[in-house]
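Structure record follows, encoded as structure tokens.
The values are calculated or read from the model by the stated rules, or taken from the named source; none is laboratory data. Nothing here was measured: the structure is a model prediction, and the numbers come from that model. Cβ atoms come from the backbone with ideal geometry, glycine included; neighbour counts cover every protein chain shown. Surface accessibility is based on the protein's heavy atoms, side chains included, excluding ligands, DNA and RNA. Shrake-Rupley method; radii C 1.70, N 1.55, O 1.52, S 1.80 Å.
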Amino acid sequence: MEVHEFTQSPAALGVILGEMRDVELQKDRRRFRENLRKIGFLLGYEISKFLDYEPTKITTPLEETQGVAYAQQQVIVSVLRAGIPFHEGLLDCFPDAENGFIGAFRQDESSNTEVALSYHKMPSVQNKTVLLADPMLATGKSIVKSLEKILEHGQPVQIHIVSVVAAPEGIEYISKNLMAKATLWAAAVDDRLNEKAYIVPGLGDAGDLCFGPKL
């Protein structure tokens with residue numbers, strides 16, 4: 001699996017991610033959501049450089065000229081609930097994309113156990129470009145299960161996995177268990193998972209930081 005990471009060199013993504021990691025700035029949920037949305041847009045722009053295009057004719061107020069159009073329809077599928085503002089950022093970049101949503105959760109939050117899918121709604125992905133968005137790629141199990149569910153709805157031309165922070169263990173798990181070719185895009189690949197399968201240094205629970213703690 002090809003992996004693209006962006007915070008190794010100074011850039012806007014690195015600045016925004018630094019704000020998202022800061023425990024003091026995390027107290028402002030609106031700022032955290034806005035930063036998550038910004039990273040979604042910036043990663044979407046980077047992904048756009050690798051999509052397929054076809055020539056098209058455009059009529060301006062003065063004359064006809066050449067332009068380009070996407071060769072395939074995009075489908076953005078986000079893992080709830082932290083995926084919501086991340087999804088919005090990707091939509092800012094691909095405003096005509098179709099949309100899907102998946103609810104995935106650890107069956108035991110206190111340990112590295114299996115992931116269950118509680119909800120999924122999505123269009124056909126046949127001959128389309130899929131962007132699977134999950135801000136936190138920890139064990140990789142939710143990504144693999146989500147993609148298995150997505151592939152029940154057709155065979156896409158391209159699959160892009162989009163995360164803010166990824167763990168090496170999760171990347172390895174996806175590479176070994178994903179039965180389809182995919183490209184991973186992450187603002188950062190962090191050091192490791194701890195004993196509870198949380199990403200280190202990470203940034204905490206992105207869903208709680210966006211929307212408040214859950215029971």
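Here are the numbers for this structure:
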read-out: Residues that are in contact with an Asp or Glu (Cβ under 9 Å, 6 or more places away or on another chain) and more than 27 Å from ASP52 (Cα to Cα), drawn from the stretch 147-201; value: ALA167, PRO168, ARG192, LEU193, LYS196, ALA197, TYR198, ILE199, VAL200, PRO201
read-out: From ALA97, ALA167, ALA104, residue being modelled with pLDDT under 95 and either surrounded by 15 or more Cβ atoms within 10 Å (Cβ to Cβ) or hydroxyl-bearing (Ser, Thr, Tyr) (or both); value: ALA104
read-out: Single residue of the stretch 17-30 satisfying the filter (touching a helix residue (DSSP H, G or I) at 6+ places or on another chain (Cβ under 6 Å) and without any contact (Cβ under 8 Å) to a residue 60 or more places away in the chain) that is surrounded by the fewest Cβ atoms within 10 Å (Cβ to Cβ); value: LEU25
read-out: Answer from ILE76, ILE47, ILE84, ILE58 - the residue that is touching an Asp or Glu at 6+ places or on another chain (Cβ under 9 Å), closer than 30 Å to GLY18 by Cβ and either β-branched (Val, Ile, Thr) or open to solvent by 90 Å² or more (accessible area, probe 1.4 Å) (or both); value: ILE76
read-out: Test: residue in the stretch 113-134 that is open to solvent by less than 10 Å² (accessible area, probe 1.4 Å) and in contact with a Phe, Trp or Tyr (Cβ under 6 Å, 6 or more places away or on another chain); value: yes
read-out: Residue check for THR7: over 24 Å from GLY212 (Cα atoms) and exposed (fewer than 10 other Cβ atoms within 10 Å of the Cβ); value: no
read-out: Hits in the stretch 140-159 (condition: within 15 Å of the chain's Cα centre (by Cα) and of a type in the set (S, T, N, Q)); value: SER142, SER146, GLN158
read-out: The stretch 138-152, residues that are in contact (Cβ under 8 Å) with a residue 40 or more places away in the chain, of a type outside the set (S, T, N, Q) and surrounded by fewer than 24 Cβ atoms within 10 Å (Cβ to Cβ); value: LYS145, LYS149, ILE150
read-out: Selection status of LEU203, in contact (Cβ under 8 Å) with a residue 24 or more places away in the chain and under 19 Å from ALA116 (Cα atoms); value: no
read-out: Filter result (without any contact (Cβ under 8 Å) to a residue 60 or more places away in the chain and open to solvent by 50 Å² or more (accessible area, probe 1.4 Å)) within the stretch 170-180; value: GLU172, TYR173, LYS176, ASN177, MET179
read-out: Test: residue in the stretch 46-69 that is part of a strand (DSSP E or B), in contact with a Pro (Cβ under 7 Å, 6 or more places away or on another chain) and in contact (Cβ under 8 Å) with a residue 40 or more places away in the chain; value: no
read-out: Qualifying positions in the stretch 31-42 - open to solvent by 60 Å² or more (accessible area, probe 1.4 Å) and free of Cβ contacts under 8 Å to residues at least 60 places away in the same chain; value: ARG31, GLU34, ARG37, LYS38, PHE41
read-out: Test: residue in the stretch 177-195 that is among the aromatic types (Phe, Trp, Tyr) and touching a helix residue (DSSP H, G or I) at 6+ places or on another chain (Cβ under 9 Å); value: yes
